[in-house]
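Working notes for the structure below.
The values are calculated or read from the model by the stated rules, or taken from the named source; none is laboratory data. Because the structure is a prediction, the values reported are computed rather than measured. Ideal geometry is used to build each Cβ from the backbone, glycine not excepted, and the neighbour counts take in all protein chains shown. Protein only, heavy atoms only, side chains kept; ligands, DNA and RNA dropped before computing areas. Shrake-Rupley method; radii C 1.70, N 1.55, O 1.52, S 1.80 Å.
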Amino acid sequence: MVATPWPPPPPPPPAAAAASYMEVTQAFAEALRSCSARGVLSGARALHGRLVAVGLASAVFLQNTLLHAYLSCGALPDARRLLQTDIASPNVITHNVMLNGYAKLGRLSDAVELFDRMPARDVASWNTLMSGYFQNRQQLAALETFQSMHQSGDSSPNAFTFSCAMKSCGALGWHDLALQLLGMVQKFDSQYDSEVATSLVDMFVRCGAVDLASSLFVRVENPTIFCRNSMLMGYAKTYGVDCALELFDSMPERDVVSWNMMVSALSQSGRVREALDMVVEMYSKGVRLDSTTYTSSLTACARLSSLGWGKQLHAQVIRNLPRIDPYVASALVELYAKGGCFKEAKAVFNSLRDRNSVAWTVLISGFLQYGCFTESVELFNQMRAELMTLDQFALATLISGCCSRMDLCLGRQLHPLCLKSGQIQAVVVSNSLISMYAKCGNLQSAELIFRFMNERDIVSWTSMITAYSQVGNIMKARQFFDGMSTKNVITWNAMLGAYIQHGAEEDGLKMYSAMLSEKDVRPDWVTYVTLFKGCADLGASKLGDQIIGGTVKVGLILDTSVVNAVITMYSKCGRILEARKVFDFLNGKDLVSWNSMITGYSQHGMGKQAIEIFDDMLKRGAKPDYISYVAVLSGCSHSGLVQEGKSYFDMMKRVHNISPGLEHFSCMVDLLGRSGHPTEAKDLIDKMPMKPTTEVWGALLSACKIHGNNELAELAAKHLFELDSPDSGSYMLMAKIYADAGKSDDSARVRKLMRDKGIKKNPGYSWMEVDNKVHVFKADDVSHPQVIAIRNKLDKLMERIAALGYVRTESPRSEIHHSEKLAVAFGLMSLPDWMPIHIMKNLRICGDCHTVIKLISSVTGREFVIRDAVRFHHFKGGSCSCGDYW
């Protein structure tokens with residue numbers, strides 16, 4: 001007996017003479033249903049012939065069953081022939097069966113034509129057409145059909161009707177319509193039907209009304225797994241993954257969808273290791289991993305750069321899945337491409353029978369990530385040749401590559417391709433063009449594309465806000481922000497960041513207050529990182545303390561990025577002890593945490609503590625990066641730790657294979673020069689593999705002033721002037737060196753050079769926070785409302801320190817009323833005796849002010865913490881933490 005790919009057809013029904021009509025009819029019907037379930041077209045045709053032979057071909061019940069069998073087997077010509085020639089009197093069931101067949105085969109135009117010709121319809125007819133539209137992703141047409149049904153009045157909706165309408169509404173995310181459907185369900189008293197209740201919960205979750213969905217969910221008796229899974233998705237998106245985990249843990253039973261949702265939610269929220277741990281737990285509990293599980297898991301491995309994990313999962317995919325679908329294959333390509341394993345990525349890619357646009361896009365993106373731009377362009381051209389179509393996401397990815405490289409030339413070539421192919425209408429393509437033009441400085445083209453977009457999303461608006469904020473045009477950025485009808489947290493963050501980035505911290509904090517009043521906007525970690533940066537720049541640590549309270553309310557107080565920002569804020573506000581307490585409190589320290597604490601100690605001139613943290617980081621297995629070495633070398637520089645600095649400078653390349661950059665060389669030049677080795681510093685500059693910048697020569701010039709090496713100072717100044725630096729500091733310093741050396745003509749020449757180049761001396765100003773308000777002072781300032789009292793206070797302080805032997809060494813009258821001195825006087829007037837006085841200054845503190853504030857700290861018994869442009873100075877008891885080494 002020859003084996004067949006399907007089970008043998010059912011035995012022929014008994015002859016009509018040997019059995020009753022009902023028995024024969026039932027036997028034929030069961031045989032036809034078996035053919036439908038198994039897709040055996042030859043069996044259906046054989047049974048059709050048998051029906052004709054026994055005289056039952058005109059039985060409407062059997063005709064309908066046969067019609068369903070043909071359609072289930074995909075035999076549309078047979079079904080049409082049967083309907084047109086053999087079924088003389090089709091009833092509503094006949095038409096419904098044909099409608100369902102057309103819909104399942106994607107022949108919606110035929111289904112609509114048949115529906116319009118039907119002499120009679122019932123609720124199943126309407127449901128079948130609605131379902132057909134929904135299954136073919138035509139949700140709007142499904143809802144229009146629902147509306148027509150309601151208006152016709154010939155059929156009343158049932159549970160299936162409402163469920164289909166709600167699924168379509170949920171897919172479109174139409175919140176207002178969802179509320180109307182809820183009203184209709186209550187009007188027809190269908191809300192207690194389990195299918196309808198489940199669909200209501202799912203609809204409101206997909207429309208973003210998770211609070212309402214949750215209130216409906218708690219009323220559902222014995223919710224199904226599908227219903228619970230819908231709430232899992234809603235909680236994860238709205239309340240965070242922890243809330244979803246609580247529901248997940250309380251579920252009496254879970255299916256693979258439940259597990260997959262949690263794996264995906266953990267991965268998307270950045271908790272990638274937990275996502276992979278859940279996959280292991282899922283496997284240990286006997287849940288069969290499907291393609292969705294593998295796709296999420298492989299994507300998590302790609303984010304974690306864990307090739308080892310990924311390769312194990314790849315082996316399981318080969319072993320457990322009958323075939324690798326395009327989504328799993330794309331995730332594998334992403335894993336290997338992001339890991340730099342292009343050979344393996346191409347091998348997986350080439351093994352695909354049907355290479356879809358997703359796989360192409362992922363591979364192109366992987367090459368771009370590793371800087372293989374030429375290969376990405378070649379792949380893009382191969383994709384166009386093979387698929388014969390232009391995929392919007394691949395196009396957007398390549399344009400983003402042009403944006404990263406600032407390759408305006410290729411970007412301009414891709415722009416006409418977008419127009420010619422019609423992909424310019426795709427929002428993702430237009431957005432990538434806007435970003436590309438904006439980053440390349442062509443804001444006119446970016447705005448032109450924005451204006452011609454038929455449809456704009458949040459990204460479109462945010463891109464324009466970011467584009468104008470990057471060039472400092474805050475007013476224009478605010479115009480785009482105000483022009484948006486709906487804003488999300490990303491948009492608010494973009495505008496908030498624009499204010500903070502360009503020194504308008506007070507406006508940024510007002511923006512935060514306005515953000516809190518928005519019902520549908522919840523601050524995220526980016527919001528608070530930006531705010532803490534603003535507080536750090538302002539030196540407004542008290543305001544920062546209040547914002548920390550906000551992070552507690554939204555559950556972000558333990559977020560590593562937020563805590564890192566708090567460490568930096570306290571450090572920059574002079575509260576280094578609080579910064580250390582926060583650092584010690586943080587359990588999951590990342591590299592940014594370590595770098596923030598090392599930088600904080602370095603800025604405070606606490607080099608030994610910076611080294612202590614750096615060494616502890618190494619002991620704990622954390623690998624330092626470029627910034628880590630900048631921080632620790634800066635600490636050595638501010639504390640005069642020459643041998644330690646040399647050791648770490650050597651360790652960079654020898655141990656961690658990090659090539660020293662300009663910042664590292666600047667630190668070493670500053671360290672060697674200030675410690676009395678300016679010649680050695682000059683030798684190091686000569687050995688630099690790159691051209692020295694103004695920072696490097698400026699560090700040498702400052703060291704030369706300290707140690708009176710005028711010859712080397714002139715050389716450093718010569719290089720600085722050749723670099724045409726717009727900073728006035730180097731000119732003023734060289735003029736001062738000449739003046740101190742009695743070379744008044746040379747000093748005058750340098751000042752004339754400044755005037756000829758249009759370089760103006762940077763005005764010095766200081767600021768401090770008192771009663772949640774920032775007070776700003778300038779030299780000889782008369783704008784402050786308490787200026788007379790401040791100057792009187794300062795004059796009395798100058799008299800008191802004169803009794804200690806202070807003699808002002810600098811001649812200009814304005815030195816008496818330097819901004820930091822005014823701030824010191826105001827602080828003594830305004831703050832209680834027990835409170836340290838924190839002051840910020842935009843320039844390096846001058847020698848006279850440094851001496852004066854040391855003496856004031858002695859006569860008043862107060863502590864002053866001053867942050868200048870370079871470092872912190874802690875004045876207490878007549879001495880400074882810098883040890884006069886700054």
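Some values worked out for this structure:
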read-out: Entirely in the stretch 446-527, the helices (runs of 4 or more DSSP H) that have 2 or more residues that are among the polar types (S, T, N, Q) and either under 27 Å from Tyr239 (Cα atoms) or without any contact (Cβ under 8 Å) to a residue 60 or more places away in the chain (or both); value: 458-470, 489-501
read-out: In the stretch 425-445, the residues that are in a helix (DSSP H, G or I) and open to solvent by less than 20 Å² (accessible area, probe 1.4 Å); value: Val429, Ser430, Asn431, Ser432, Leu433, Ile434, Met436, Tyr437, Ala438
read-out: Count - residues of the stretch 662-699 that are open to solvent by 30 Å² or more (accessible area, probe 1.4 Å) and either in contact (Cβ under 8 Å) with a residue 60 or more places away in the chain or under 39 Å from the mean Cα position of the chain (by Cα) (or both); value: 8
read-out: Among the candidates Leu51, Leu41, residue that is in contact with a Leu (Cβ under 9 Å, 6 or more places away or on another chain), without any contact (Cβ under 8 Å) to a residue 60 or more places away in the chain, open to solvent by less than 70 Å² (accessible area, probe 1.4 Å) and farther than 25 Å from Thr161 by Cα; value: Leu51
read-out: Residue match in the stretch 534-555 (condition: at pLDDT 90 or above, within 23 Å of Ser269 (Cβ to Cβ) and open to solvent by 30 Å² or more (accessible area, probe 1.4 Å)); value: yes
read-out: Matching residues in the stretch 387-397 - criterion: being in contact with a Phe, Trp or Tyr (Cβ under 8 Å, 6 or more places away or on another chain) and either closer than 17 Å to Ala438 by Cβ or among the charged types (D, E, K, R) (or both); value: Asp391
read-out: Selection count, the stretch 759-799, where residues are out of contact with any Lys or Arg (no Cβ under 9 Å at 6 or more places or on another chain) and part of a helix (DSSP H, G or I); value: 10
read-out: All positions within the stretch 105-157 that are touching a Lys or Arg at 6+ places or on another chain (Cβ under 7 Å) and either in contact (Cβ under 8 Å) with a residue 40 or more places away in the chain or surrounded by 14 or more Cβ atoms within 10 Å (Cβ to Cβ) (or both); value: Phe134, Ser155
read-out: Residue satisfying condition, being within 17 Å of Asn772 (Cβ to Cβ) and open to solvent by 10 Å² or more (accessible area, probe 1.4 Å), within set Ser517, Ser513, Ser485, Ser561; value: Ser513
read-out: Condition met for Asp482 (more than 19 Å from the chain's Cα centre (by Cα), on the phi < 0 side of the Ramachandran plot and not aromatic (Phe, Trp, Tyr)); value: yes
read-out: Only listed residue being polar (S, T, N, Q) and open to solvent by less than 50 Å² (accessible area, probe 1.4 Å), chosen from Ser602, Ser659; value: Ser602
read-out: Qualifying residue in the stretch 317-325 (condition: at pLDDT 85 or above and open to solvent by less than 10 Å² (accessible area, probe 1.4 Å)); value: yes
read-out: Test: residue in the stretch 840-848 that is at pLDDT below 90 and polar (S, T, N, Q); value: yes
read-out: Ser194 vs. criteria among the small types (Gly, Ala, Ser), more than 30 Å from Val521 (Cβ to Cβ) and surrounded by fewer than 18 Cβ atoms within 10 Å (Cβ to Cβ); value: yes
read-out: Scope the stretch 776-790; condition in contact (Cβ under 8 Å) with a residue 40 or more places away in the chain and open to solvent by 30 Å² or more (accessible area, probe 1.4 Å); matching residues; value: Lys778, Ala779, Gln786, Ala789
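Residues are listed down the side, and each one gets a yes or a no for (1) in a loop (DSSP other than H, G, I, E, B); (2) basic (Lys, Arg); (3) closer than 22 Å to Glu195 by Cβ:
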{"residue": "Val97", "(1), (2), (3)": "no, no, no"}
{"residue": "Ala111", "(1), (2), (3)": "no, no, no"}
{"residue": "Pro119", "(1), (2), (3)": "yes, no, no"}
{"residue": "Thr128", "(1), (2), (3)": "no, no, yes"}
{"residue": "Arg137", "(1), (2), (3)": "yes, yes, yes"}
{"residue": "Gln151", "(1), (2), (3)": "no, no, no"}
{"residue": "Pro157", "(1), (2), (3)": "yes, no, yes"}
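Residues are listed down the side, and each one gets a yes or a no for (1) over 20 Å from Glu334 (Cα atoms); (2) open to solvent by 40 Å² or more (accessible area, probe 1.4 Å); (3) over 27 Å from the mean Cα position of the chain (by Cα):
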site: Gln369; (1), (2), (3): no, yes, no
site: Cys372; (1), (2), (3): no, no, no
site: Ser376; (1), (2), (3): no, no, no
site: Asn381; (1), (2), (3): no, yes, yes
site: Ala385; (1), (2), (3): yes, yes, yes
site: Ala394; (1), (2), (3): no, no, no
site: Gly401; (1), (2), (3): no, no, no
site: Leu410; (1), (2), (3): yes, no, no
site: Leu417; (1), (2), (3): yes, no, yes
